[in-house]
Amino acid sequence: MFTLRCTRKLLRRLGATPSSAVITPTTVLGDWYANLLHVRPQQLVLVMSERSLLCVLVPARPAATLAERFRSAVGELLAATGVPDDKVALELGEMTDMAVGATASRSVLGCMNDAVVQLEAYPHGRRGEWPPLVELELHLAENIYSTTGYQSPRLRTLELFGVRETVRARRVPAGHLH
């Protein structure tokens, strides 16, 4: 169980009313914060783990399957960062129950804003096309934030899952998309 903490902009887009219930997350990565990004040619949802600041990018459409696609993207990114398959499966199992809430941490929102700046600065193709989303996610996983003790989200995630820092990220097949 966890709460997807959405910005007002995303709540309006989803047509969702945030729950006021206080829910203690049972996931290793805690609650996730989500914001709608308008990037051409599509809209994306940037979702950031409250505990590790690991970022996942999911196409915003269709809104009805956002939660399912988000969980799938989390699984792919955790595997790509070196989290063992059994721990990925446990985390995804805990993510089957989700509440929708409003944002609650200004520091996480500030880190999300920094991630947006990093995305905008990332090199695009000759025609302005975006690289595969997992490539962008792995790039964001190497950012350094003071809220994680100046540890990258990738290393913080591995630490939270009890994985030694010597684990290298897995290679992602070329052209792999969520």
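Read the figures in this text as sums done on the coordinates, not as results from a lab. Note that the structure is predicted; figures quoted are calculated from it, not measured. Please note: Cβ atoms are built from the backbone with ideal geometry, for glycine as well, and neighbour counts cover all protein chains shown.
See the values below:
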| read-out | value |
| --- | --- |
| Region 99-147: Cα Rg divided by the 2.2 N^0.38 Å rule of thumb | 1.37 |
| Stretchable slack from Gln43 to Thr147, in nm (0.36 nm times residue separation minus alpha-carbon distance) | 34.7 nm |
| Stretchable slack from Ala64 to Ser20, in nm (0.36 nm times residue separation minus alpha-carbon distance) | 13.7 nm |
| Coarse-grained scattering of region 2-160 at q = 0.18 Å⁻¹, given as base-10 log I(q)/I(0) from a Debye sum over alpha-carbon atoms | -1.14 |
| Packing-based ranking, highest mean first, of 94-104, 77-87 given that Cβ atoms within 10 Å are counted | 77-87, 94-104 |
| Antiparallel bridges, percent of DSSP beta bridges restricted to the chain (to nearest 5) | 65 percent |
| Beta bridges per DSSP with both ends in region 1-82, % antiparallel, nearest 5 | 80 percent |
| Simple spin-label estimate for Leu92 and Val163 in nanometres, 7 Å along Cα-Cβ | 1.4 nm |
| Least to most buried among Ser20, Ser146, Ser72, Ser49 (fewest other Cβ within 10 Å first) | Ser20, Ser146, Ser72, Ser49 |
| Ranking of Cys6, Cys111 by count of other Cβ atoms within 10 Å, fewest first | Cys111, Cys6 |
